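What follows is calculated from the coordinates using simple rules that are stated; it is not laboratory data. Worth saying up front: this structure is predicted, and the values here are computed from it rather than measured. Using ideal geometry, Cβ is built from the backbone for each residue, glycine included, and neighbour counts are taken over all protein chains shown.
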Amino acid sequence: MPKHYTIYCDESLEKGEYYSDFYGGLLVETQNIEVLSDRLLRKKEELNLYAELKWSKVSAPYLQKYMDMIDLFFSMILNERIKIRIMFRQSAIQAKGLSEYNKRNGYFLLYYQFIKHSFGLPHAPEIDEETYIRILFDELPDSKHKSNLFKSHIYDLQQTKDFKSNQIKIRRRDIGEVDSKKHVLLQCLDIVLGSMAFRLNDKHKIIPEGASRRGKKTIAKEKLYKRINKNIRIIYPNFNIGISTGIRDNASNVFIDPYRHWSFRPQEFIVDEEKFK
């Protein structure tokens, strides 16, 4: 029988002081979505979390509840039911010689690279029949024309050499946009993605103007980030959030690994020393 996967995608923080252009993705076997979502929704109800889960909503009164949700979410990742991929760009590394087209469409061009490479789909286990990929984006923040053009390029990925060699198929009806309020898996992804943008840009150190110490919300977010990092370190004891996760002499790990980071670098770039930490 054919294999069916669904990828949920989100993005965060286009321009950061140290790191920018954050993209996040979650891959799950389509047949498992309902049972995994039901477990998370039951946990939300148990914790009286009836609103959408979002990194921007993390605060001291809700910290423990968010930690409990993240622990459950990572238990699914550790049990290899869910795969997470995070991509970002170091702000000091700037692409060289960009055309006006590339400058205008950088958001979608980077998103395309994220979908094409970060999940290692050409390394998915080979089966006798096709593997079908459904891709669901959190609502894209651009014009309908640009969004539809981007989706056409995603559809055409199946014509690339690596995708064809492993019988990876993407149907037009399987590329869409969704409302994160209705998808708890996407909500949990938002928390992980937001935590990485927060920590890599040293937002845990921010002291409000006129204050002498950090705000309670900032402290709560730092504690939630540390909980997320603790869960990741169960997989990678020496995990470094600011670098690409290694393949450990096996390119198939790009698909196999339950959690990975990708610090994107263009082929040709210049370095702005002032934007390093």
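Numbers at a glance
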{"item": "Candidates ILE127, ILE170, ILE115: whichever shows maximal mean-square fluctuation once the chain is modelled as a Gaussian network with Cα springs under 10 Å", "result": "ILE127"}
{"item": "Segment 115-156-segment 52-73 distance, computed between alpha-carbon centres (Å)", "result": "29"}
{"item": "Relative contact order [Cα under 8 Å, 6+ residues apart], the chain, whole percent", "result": "33"}
{"item": "Neighbour net charge for PHE22 - beta-carbon separation under 10 angstrom, K R +1, D E -1", "result": "-3"}
{"item": "Sorted largest first, extent of segment 1-46 alpha carbons per principal axis (Å)", "result": "43, 36, 10"}
{"item": "Three principal axis lengths of segment 60-194 [C-alpha, angstrom, descending]", "result": "47, 43, 29"}
{"item": "Whether the chain is rounded, prolate or oblate, judged on the alpha carbon gyration tensor where a/c under 1.5 counts as rounded", "result": "oblate"}
{"item": "Set of lysines with alpha-carbon distance to LYS164 below 23 Å, sequence-local pairs under 8 removed", "result": "LYS3, LYS83, LYS116, LYS151"}
{"item": "For segment 181-263, diffusion coefficient by Stokes-Einstein and Kirkwood Rh (Cα), 20 °C, 1.002 mPa s, µm²/s", "result": "146"}
